[in-house]
Number of protein chains: 2
Amino acid sequence: MIFKKRLGGKKPTQHDVAQLAGVSQTTVSLVLNNPEVASVPEETRQRVFIAMHNLGYVVNSAARMLRTNRSNTLVCIIPMITNPFYPAFVSGIQEVAEQNGYDVITYNTHGSQERERKFLKSILEGRVDGVIGIFFYTQARDMAQLFEVNIPVVRLEVREQRSGEWPLDSLYIDNAQAACQATAYLLGKGHRRVAMLTGPAGPRDARKEGYLTALKAHSDDLQAWVQEVDSYNESGGYQGMRMILESGDPPTAVFAANDLMAIGAMKAIRDAGLVVPKDIAVVGFDDIPAAQMVTPALTTIRQFQEEMGKRAAQLLIERLNGEAPLVGRIVEMPYELVIRESA
Amino acid sequence: MIFKKRLGGKKPTQHDVAQLAGVSQTTVSLVLNNPEVASVPEETRQRVFIAMHNLGYVVNSAARMLRTNRSNTLVCIIPMITNPFYPAFVSGIQEVAEQNGYDVITYNTHGSQERERKFLKSILEGRVDGVIGIFFYTQARDMAQLFEVNIPVVRLEVREQRSGEWPLDSLYIDNAQAACQATAYLLGKGHRRVAMLTGPAGPRDARKEGYLTALKAHSDDLQAWVQEVDSYNESGGYQGMRMILESGDPPTAVFAANDLMAIGAMKAIRDAGLVVPKDIAVVGFDDIPAAQMVTPALTTIRQFQEEMGKRAAQLLIERLNGEAPLVGRIVEMPYELVIRESA
DNA sequence: CTGAAAGCGCTTACAG
DNA sequence: CTGAAAGCGCTTACAG
């Protein structure tokens, strides 16, 4: 490496480039950032480029950050990257972030309030320019400090959510309506005893609301039956389904609040010697990749996670570029009922 | 917010804290960083803490980065976060990173050489202190620039790999041996026509080597049969299996280079009116979460992704703390054959 | 068209 | 025990 020889292992700076090119450090910065105002003649630019190349110069991003107050980094806050709903969401964010020159840091909250708070606090250190997040506990008003230092936020919500005059946009699918449609599908198939399986917090309330709405709309004498367990995963679904089965008079259909729970429930049903969908039909939510791999393939509500990630990142970057209106935008995303074999 | 009132929306600095506490800015820095040398008396510390709290002070990390030449950020470079092998790996990294005060940025290479290069180059800007990565094309020698500016790297390899006197540690499972064991298991079950299904680059060669070794060890007249397709996912597996089936004389068992391909292959087998494992047995590799959700549940080689992530992060952080030997460490990780229903 | 200079907010010898 | 000062590498008015 040339610069190693020249500089004894230290990284070359604009000063070094300037010396080699026979210009001032200001000029180096000017050609590097190519602002409209400064029209450095082509001949000089080339000299500078050659010097940069020969020294292996790369900008020091800490210095640039300090000077410009911009980090070119976004943070994505999700419950847990190992939940198969999120990788596609994160990947969508990463894709548009990369196209726009941003890095993305990911934080996992584990659905814990304390961690949501801790992460938000650390963001104040100025490491990131903006936030995309799914929050179970933190409300918009808890983000006031962020807004004061001008860090915009995009939130993924489970329902339409007004946000006021903050640099806060939100993205949602109508979870209640989707849950209603899933439940109505089961009802339309002739099921009269339809149970719901859910985890704590998060999307629970919106999805439960849709489930109840569908029951009520269908007939007045349908019994609601909501089984809540500790976690939104297979073991939660398995355990919840066992509780339902052990209650004596099992339902003929189950609406699970997400696919992981639905898959756990199907296993519990199978272990009880029953078959899906003949004895008990199952519908999930999310359409994670595994939904079509299981047997029977899962009927579920599809969300477009990758698209949601891309859209969220676009909203955020528009705002960072000053291209967003003052008032928070609210974007509804599509969903669809995907009918496969489990119901 | 107090500081908003006081400072007109600007973030408070150590200077502001110093003024409020009636000390010098140096002292504020001293109590913030609490170095062993400076013993600030308790009374002064308290005054400073109170002032920090009242102003809502948080350190400016860009300034700290510039001064200390440390970013407290790691980067994790993987092929693609949506491949279910990686989320657990990333999650392991994030967990120990967080415990040690590091953020983690994730880059997806899409298995492309160009992107591997581009990411490595951007790392020279000083955004990150260290790198954990899976590289299909970039060799250790291509990382010389990183090492010159003292950025250590931990690589995930598919076999033991000497690394020399660079700040480079490596982690691997013996892919050849694992593939050999998987194939031998099939052979032990009496199969004589065992095909292998693989994608391009990456772990292909090591796993193929193990497959061939097992065949040879078992008997001299066993025919090797390797079908390579474009991608390590379900559609690759589906497509590859179709090619195998259409060849006329199908094998009685298939070893797929990863679980996603195995799942695709099982679907192709089913679509051809055959049943797994009766007509064709299938073994995968990785033990992704979906492996136990599919029917029949997949027999596969389990890797401990989360553990691998944790271990990789530990190696890196030890080196960043100056606790690692000069010579690169090589850590072998365990794997195990998990027998389920598909073979 | 080009450069000297200020200053972003911090850490860390150094002096007292 | 505490503070004045240097300096990390950059961007951006400003002057010429």
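The values are calculated or read from the model by the stated rules, or taken from the named source; none is laboratory data. As the structure is a prediction and not an experimental result, all values here were calculated from the model. No Cβ is skipped: glycine too gets one built from the backbone with ideal geometry, and neighbour counts run over all protein chains shown.
Which residues, taken from the stretch B:303-340, are basic (Lys, Arg) and assigned by TED's automatic domain parsing to the domain that holds residue B:95? Listed by number, the residues that qualify are B:310, B:311, B:319, B:329. In the stretch B:62-100, the qualifying residues are those that are farther than 16 Å from residue B:132 by Cβ and small (Gly, Ala, Ser), and the one that is farthest from DNA strand C (Cβ to nearest atom) is B:62.
Residue B:24 passes every criterion in (1) among the small types (Gly, Ala, Ser); (2) near DNA strand D (Cβ under 7 Å from one of its atoms); (3) closer than 30 Å to residue A:13 by Cα apart from (3). Among the residues making up the stretch A:41-77, those that are more than 13 Å from DNA strand D (Cβ to nearest atom), outside the structural domain of residue A:105 (by TED's automatic domain parsing) and not β-branched (Val, Ile, Thr) are A:42, A:43, A:45, A:46, A:47, A:49, A:53, A:54.
The requirement of being closer than 20 Å to residue B:206 by Cβ and modelled with pLDDT under 95 is not satisfied by residue B:268.
Close Cβ contacts (under 6 Å, 6 or more residues apart or on different chains) running from residues in the stretch B:161-179 that are in contact (Cβ under 8 Å) with a residue 12 or more places away in the chain to residues that are in a strand (DSSP E or B) and polar (S, T, N, Q) comprise B:161/B:170; B:163/B:170; B:173/B:303.
From the list A:243, A:266, the lone residue that is touching a strand residue (DSSP E or B) at 6+ places or on another chain (Cβ under 9 Å) and surrounded by fewer than 20 Cβ atoms within 10 Å (Cβ to Cβ) is A:243.
Being more than 9 Å from DNA strand C (Cβ to nearest atom) and farther than 30 Å from residue B:106 by Cβ is a property that holds for residue A:15.
When the residues of the stretch B:206-230 are filtered to those that are free of Cβ contacts under 8 Å to residues at least 24 places away in the same chain and part of a helix (DSSP H, G or I), which remaining residue is farthest from the chain's Cα centre (by Cα)? That would be B:216. Candidates in the stretch A:102-144 are the residues that are within 11 Å of another protein chain (Cβ to nearest Cβ) and without any contact (Cβ under 8 Å) to a residue 24 or more places away in the chain; of these, the one that is nearest to residue A:318 (Cα to Cα) is A:144.
The set of residues in the stretch B:183-206 being within 15 Å of residue B:244 (Cβ to Cβ) and among the hydroxyl-bearing types (Ser, Thr, Tyr) consists of B:198 alone.
For the stretch A:44-67, which residues satisfy the criterion of being at the interface with chain B (Cβ under 9 Å from one of its Cβ atoms) and under 29 Å from residue A:321 (Cα atoms)? A:58, A:59, A:60, A:61, A:62, A:63, A:64, A:65, A:66, A:67, listed by residue number. Of B:254, B:276, B:282, all but one fail to be in a loop (DSSP other than H, G, I, E, B) and of a type outside the set (Lys, Arg); the exception is B:276. As a summary of the residue check, residue B:92 satisfies the conditions (1) within 29 Å of residue A:119 (Cβ to Cβ); (2) free of Cβ contacts under 8 Å to residues at least 60 places away in the same chain; (3) at the interface with another protein chain (Cβ under 10 Å from one of its Cβ atoms) except for the one numbered (2). Taken over the stretch A:307-328, the criterion of being over 16 Å from residue A:73 (Cα atoms) and part of a loop (DSSP other than H, G, I, E, B) is satisfied by A:322, A:323, A:324, A:325, A:326, A:327, A:328. Among residues of the stretch A:17-31 that are away from chain B (no Cβ under 14 Å), those with a Cβ under 9 angstrom from a residue that is aromatic (Phe, Trp, Tyr) and within 8 Å of DNA strand D (Cβ to nearest atom), sequence gap 6+ or separate chain, pair up as A:17/A:57; A:28/A:57. Taking the conditions (1) touching a helix residue (DSSP H, G or I) at 6+ places or on another chain (Cβ under 8 Å); (2) buried (at least 16 other Cβ atoms within 10 Å of the Cβ); (3) over 23 Å from residue B:289 (Cα atoms) in turn, residue A:328 satisfies each one other than (1).
The requirement of being buried (at least 20 other Cβ atoms within 10 Å of the Cβ), of a type in the set (A, V, I, L, M, F, W, C) and not assigned by TED's automatic domain parsing to the domain that holds residue B:183 is satisfied by residue B:343.
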